[in-house]
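Q: Handing you a structure now.
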Amino acid sequence: MLRFLWLVLSTLLLTGLAQAGNVNFNGNVSGCTRDGDTYTCAPSFLGANDTAVIGNGKTVIVTGAFQLGYFQGLKMSGTARLETTGSNDINLSGAQVANIDVSGGTIQAGNFVRDANNNLSGGGNFLITNGQSVTANVLGNTVSTDGSSATIRGNVTAVTVNMRSSATVTGAVYCYSLTTGSSNVIGGGATVRDQANLGSGIKLSGGLSAGTITTGSPAELNGPVVSKGTIALGSGTVVNGNLSGTEITTTSSVTLTGTITATKSFNLASGSTVTGNITSPTVVLASSSSTIKGDISASTSLDIGSSVVVTGKVDAGTLAMRAEGAKVNGNVTLKGDFLMESGTTINGDLVAARVTTKSSNATINGNAAVNYIYLDGGATVSKVITCTGPGAAGCSCVERPSWYNYNPTCAAAPAAGAHHFQITHTGSALTCQPQTVKVTACANAACTAPHFTGSSSVTLQPGARSFTFTGETSSATVEQTTVGVATLAATGTTGTTCVNSANTSASNQCAMSFEDTGLQVTVDNHIAATTANVRIQALAASANKQSCVPLVASKTESINLSCGFANPVSGKARAGAQVSVNGNNLTCGNSPTKLQLAFDSAGIANTTLTYPEVGEVSLDAAYAGSAGYTARGSGKFIAAPARFTIEAISASGKKVAAGTVPDANSAIFAKAGETFTVKISAVNNKGEVTTNFGKETTAENMKLAVPAVDNPADAGNAGDITAGVMNAITDGVSSSKSDSTGAWSFSDVGIIRLDVGLNSGAGYLGAAGDQFKTAGTQKIGRFVPDHFDTSLPIFATLTGSRTREMVAPGQLAGMTMPCKATSNSTPLLSPCDPVFIYSYQPFYVIVKAYNSANGLTINYQGSLAKPITLSAAATLGGATLVDTNVGAMGGSIPGTAPSFAFFKGLGRVEDPNFDVPSTISMPMFRFKALPSAATGSNPVRFFVRAVDTDGATSQRATASASMETAITAVSGRLVVPNIDGSPTSPMPVTLQAQFYDANRGFMFNPMYNAPAKSLAGYLRFNNCQKGLASVCATAAQLQPVAPGTAAFQSGKAGFRLTPPSGQYGLGSVELTVDPQWIYYLPSTTGKLTFGLYRSGPVIYTREIY
């Protein structure tokens, strides 16, 4: 009876399945009306097992909801279109994944409308689910992806868009509301009128515009991000584009690449990086360890938390810098007050109203222009304080504790006009033409910078010509038509001083000699050790003194040339440094050298000059003509350093030579945290040190910019650079101090860059032109880890945030096993502490790269991370490795070492698949003896040592300081038991994992766990007896009962075998598990007997009628 019913049911099922087919819209279709290429169909047009096939150019309009069942399908291509009417839905979620084949077209749920103003209304809902994919543009009132890994390859337009975890939209999204789960992808950008709620792991490219924006942790937004309202970014978020909104907040460790504009406020959490300018009325940079590589404009207030570094200028209403380590590497201009807490630094000039420093070591490395400043103990201003309040003078605005013995340098308050005017001239002029002089509006008696910056008007004598200028002018002139000495003056002013640049020792610096004849000597300012042009023009006054005419024309004459040190002055300049004119050496300060120069028709002779040193030098020329004419003249030139060179020497004696460009593959310079010294030299064009540098009257100096990390793009740019104190310049060279204060260090790995320029920021000795703004840059490296630590991963369920030290329980086959069941129990074997592993069993190891202070080297990744070799040490930090005659570390793929992927200094072998032999070589320990079910090797305890190709190692100089994880390797086997069972019921088989102990032999291992793995093809049957004689030949009968897998829990794995049937009778068979199932656990052989029952209760069965 039962057999009959089964046959009837099977027939009915087969009949139903046989009716499945395609509904092709290429002609008349039952249940649909047709108007050309447009079909209007009732909701029931599709049979229970049918697939709707809509080809290119066809439109199908369903007058009700379109909802697919499990056996139904949809196929679209080209410009095909599927719509529903009214507010009816399109729901594809009920269909099998394989039954959805949409490769092009448009899907619209209901009468959805997007008008010319981009207003959305009407329509129904669209839904796809887990694993389903459509390549089409999708429109509807609500578009949802339910379940993970659903994909829409096209644009989505809807009032509401809901994306579950791991769903993807490859095109653009336009909607009123967007909500995503975790790990979603939007490839074409998103425009959201109202709220965009983006879950963790979102990756959006093409930009985002919304009313308000919230992201999970982390998120990756590529393109501009614009909000009409607030923006809240989750931790770890990366924005590669400009960011704008009303109120922008972040949680920790965000990376923002682009300008940031917030109309109300911007709050940056700790550990973040901003590469771009920030503009917002209120800016809060929370503690700690954030970096802003750009300028900040905060019209109301700026709050900089501890250990936050701003590399750029700051313009704000008020400013607070929090203890400690807050730093601004740029000028700070404030309209209001400034609070500097302990240990904060400004590397630049400050302008503010009231300044209050707290506790110790608040430092302003620059000038400060303030109404009031309170300098608490240890607070300093490296340059000049200018009190700017009404009636201020000297240090009147400076207050400090009575016990703090610090006297800053103060300047007078800015004057309403210039203190006086200074005229700089050459001391000689011709009566036939105006003589150019330089006039400076001085702000103080010494006429030192900064000068008066207001507008000034002067009338110069002789000549009575008037000039108006700001600060300084080099285009003013004086003139006199009679031979004689005139006194230069700026009339109608507060006073005049003069500088005779040709003779700074003259008693009357304002005296200028006017002559009817003279030589005008012009030498181009140039780089030391390059060739400069010299121009000497011989002139004489015409008869009426109205013009100058050539004194010597179209002939060669002897000219006596000499030179003198102007700055540095003779006695400080390098003795023997020779000026060479047209190959003839002049020794400055000595007697003149006579040269033959050819003058052209205009009285001009051109020649060349070189000078290997730096400074300002005068070139003097004298001519005694045959007609009795005598003419003299002098000109000055500035020879500037070609560049600054930087060298570095590590504590271990390794050197980075000037001009070298280290990269990720360069030789090792130092370990992370190792100290090094720096030498900076001013050199000429040939690379020779210019010893005059630093000896100038107002000594030129070098200024180091804030050192920067300059790593390859695939590595990080983290790390602290500690700058050592430099000695004063001696003979053109500044070197690190020899004591501990001169030590430099870098806390991470990779390359750093030092940039140095002139302290003045202007051209050398005021020479005009960028080529005279001497500078130098040098990359220093490569820095490598000080040491490694090896450890075991944390096995944890990966929900929420995770670290790279965590491994999912689904990868249990890579787990080491604890030696004790509990902390108080007896170890399973000895030696064993804390874990053990089978020989040949792959396992996880974490390798961490550290600096000398045991800080993780965050930059150790990408091209900076080098291949790791693992070995087995016999003792912690010891030099002796495990005897290779016993065993050794290796990779799970013979001949292939484990490949570690490093991210932020932490390396691991990435998630291999343990169900089959992995394509990724994992760490393992191999006994020399191959795994055997019969014999085992004695347990061996070893310590995992990591060494990279640079020689960085987990072995420390002090062995006990080494952090090398300890593991015991054991032999193992898989035990198949002897089992008796029924000939008609599935036979349960329980496999046991065992380990080998030196004293007890093979023992049960309750600590072994492994995920479920298919048994298909791994069961081997032999010695088939009696009714099972043919089983060994075909193995057709004895197969695992579904699901056909076995998983180890607490050392045991169970499965069931189908019983023999039909002509197979009672009998026995020997079962062995193929070594490739778990290749490090070779199998014993068990005897399975069908038809032999164990003693005990018996359950009788009979056929039911």
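Q: Among the listed residues Tyr996, Tyr1018, Tyr1008, which satisfies the condition of being hydroxyl-bearing (Ser, Thr, Tyr), over 30 Å from Ser825 (Cα atoms) and either modelled with pLDDT under 90 or buried (at least 17 other Cβ atoms within 10 Å of the Cβ) (or both)?
A: Matching residue, one of Tyr996, Tyr1018, Tyr1008: Tyr1018.
Q: In the stretch 696-744, which residues are charged (D, E, K, R) and either closer than 30 Å to Gly294 by Cβ or touching a Phe, Trp or Tyr at 6+ places or on another chain (Cβ under 7 Å) (or both)?
A: Selection gives Glu700, Lys703, Asp710, Asp714, Asp720.
Q: Would you be able to tell me the number of residues in the stretch 675-707 that are surrounded by 17 or more Cβ atoms within 10 Å (Cβ to Cβ), hydrophobic (A, V, I, L, M, F, W, C) and either closer than 30 Å to Phe902 by Cβ or assigned by TED's automatic domain parsing to the domain that holds Asn567 (or both)?
A: Going through the stretch 675-707 one residue at a time, the tally reaches 2.
Q: Looking at the stretch 1031-1074, which of its residues are modelled with pLDDT under 75 and among the small types (Gly, Ala, Ser)?
A: Those that are modelled with pLDDT under 75 and among the small types (Gly, Ala, Ser): Ala1033, Ala1035, Ala1036, Ser1061, Gly1062, Gly1065.
Q: Okay, moving on. Find the strands (runs of 3 or more DSSP E) located wholly in the stretch 285-372 whose residues include 1 or more that are aromatic (Phe, Trp, Tyr), surrounded by 22 or more Cβ atoms within 10 Å (Cβ to Cβ) and within 26 Å of the chain's Cα centre (by Cα), and list them.
A: Answer list for the stretch 285-372: none.
Q: To continue, here is another question. Could you check, for the stretch 864-880, whether at least one of its residues is over 19 Å from Tyr844 (Cβ atoms), within 31 Å of the chain's Cα centre (by Cα) and either surrounded by fewer than 15 Cβ atoms within 10 Å (Cβ to Cβ) or assigned by TED's automatic domain parsing to the domain that holds Asp833 (or both)?
A: The answer is yes; a qualifying residue exists.
Q: Now a separate question. Among the listed residues Gln96, Gln72, which satisfies the condition of being assigned by TED's automatic domain parsing to the domain that holds Ala150 and in contact with an Asp or Glu (Cβ under 8 Å, 6 or more places away or on another chain)?
A: The match here is Gln72.
Q: Could you run through the stretch 952-973 and say how many residues are surrounded by fewer than 23 Cβ atoms within 10 Å (Cβ to Cβ) and either part of a strand (DSSP E or B) or touching a residue at least 40 places away in the same chain (Cβ under 8 Å) (or both)?
A: 11
Q: Sticking with this structure for a sec: Would you mind finding the one in Ala651, Ala639, Ala622, Ala667 that is of a type in the set (A, V, I, L, M) and in contact with a helix residue (DSSP H, G or I) (Cβ under 9 Å, 6 or more places away or on another chain)?
A: Selected residue: Ala639, the only one of Ala651, Ala639, Ala622, Ala667 that is of a type in the set (A, V, I, L, M) and in contact with a helix residue (DSSP H, G or I) (Cβ under 9 Å, 6 or more places away or on another chain).
Q: Quick one: which of Val97, Val113 is modelled with pLDDT under 95 and either among the basic types (Lys, Arg) or within 17 Å of Tyr174 (Cβ to Cβ) (or both)?
A: One residue alone meets the criteria, Val113.
Q: Look through Asp748, Asp786, Asp731 and report the one residue that is under 18 Å from Ala699 (Cβ atoms), out of contact with any helix residue (DSSP H, G or I) (no Cβ under 8 Å at 6 or more places or on another chain) and acidic (Asp, Glu). Break it down stepwise before answering.
A: On the way: Asp748 fails: under 18 Å from Ala699 (Cβ atoms); Asp786 fails: under 18 Å from Ala699 (Cβ atoms).
The match here is Asp731.
Residue-by-condition table, conditions (1) at negative phi; (2) surrounded by fewer than 17 Cβ atoms within 10 Å (Cβ to Cβ); (3) of a type in the set (S, T, N, Q):
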| residue | (1), (2), (3) |
| --- | --- |
| Ile729 | yes, no, no |
| Ala762 | yes, yes, no |
| Thr774 | yes, no, yes |
| Lys779 | yes, no, no |
| Val784 | yes, no, no |
| Thr790 | yes, no, yes |
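Q: So for the stretch 889-912 (the condition being more than 37 Å from the chain's Cα centre (by Cα) and modelled with pLDDT of 85 or more), does at least one residue qualify?
A: Within the stretch 889-912, not a single residue is more than 37 Å from the chain's Cα centre (by Cα) and modelled with pLDDT of 85 or more.
Q: Something else: Among the listed residues Arg1000, Arg941, identify the single one that is outside the structural domain of Pro793 (by TED's automatic domain parsing) and among the charged types (D, E, K, R).
A: Arg1000
Q: Right, Ala150: at pLDDT below 95, under 30 Å from Ala65 (Cβ atoms) and surrounded by 20 or more Cβ atoms within 10 Å (Cβ to Cβ) or not? Let's see the steps before the verdict.
A: Values: at pLDDT below 95: yes; under 30 Å from Ala65 (Cβ atoms): yes; surrounded by 20 or more Cβ atoms within 10 Å (Cβ to Cβ): yes.
Judged against the criteria, Ala150 is a match.
So that you can scan it fast, the table gives a plain yes or no per residue for (1) among the hydrophobic types (A, V, I, L, M, F, W, C); (2) at pLDDT below 95; (3) not in a strand (DSSP E or B):
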| site | (1), (2), (3) |
| --- | --- |
| Gly724 | no, yes, yes |
| Thr741 | no, yes, yes |
| Ser760 | no, yes, yes |
| Phe783 | yes, no, no |
| Asp789 | no, no, no |
| Gly800 | no, yes, yes |
| Gly810 | no, yes, yes |
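Q: What are the residues in the stretch 625-635 that are surrounded by fewer than 20 Cβ atoms within 10 Å (Cβ to Cβ) and either touching a residue at least 40 places away in the same chain (Cβ under 8 Å) or in contact with a helix residue (DSSP H, G or I) (Cβ under 8 Å, 6 or more places away or on another chain) (or both), if any?
A: Selection gives Gly625, Tyr629, Thr630, Arg632.
Per-residue answers, yes or no, for (1) more than 21 Å from Phe112 (Cβ to Cβ); (2) touching a Phe, Trp or Tyr at 6+ places or on another chain (Cβ under 7 Å):
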site	(1), (2)
Asn49	yes, yes
Asn56	yes, no
Thr63	no, no
Gly69	yes, no
Leu74	no, no
Gly94	yes, yes
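Q: Can you find a residue that is over 23 Å from Gly603 (Cα atoms), among the small types (Gly, Ala, Ser) and part of a loop (DSSP other than H, G, I, E, B) anywhere in the stretch 427-437?
A: Within the stretch 427-437, none of the residues are over 23 Å from Gly603 (Cα atoms), among the small types (Gly, Ala, Ser) and part of a loop (DSSP other than H, G, I, E, B).
The values are calculated or read from the model by the stated rules, or taken from the named source; none is laboratory data. Keep in mind it's a predicted model, so treat the numbers as computed, not measured. Here Cβ is always computed from backbone atoms with ideal geometry, including for glycine, and neighbour counts include all displayed protein chains.
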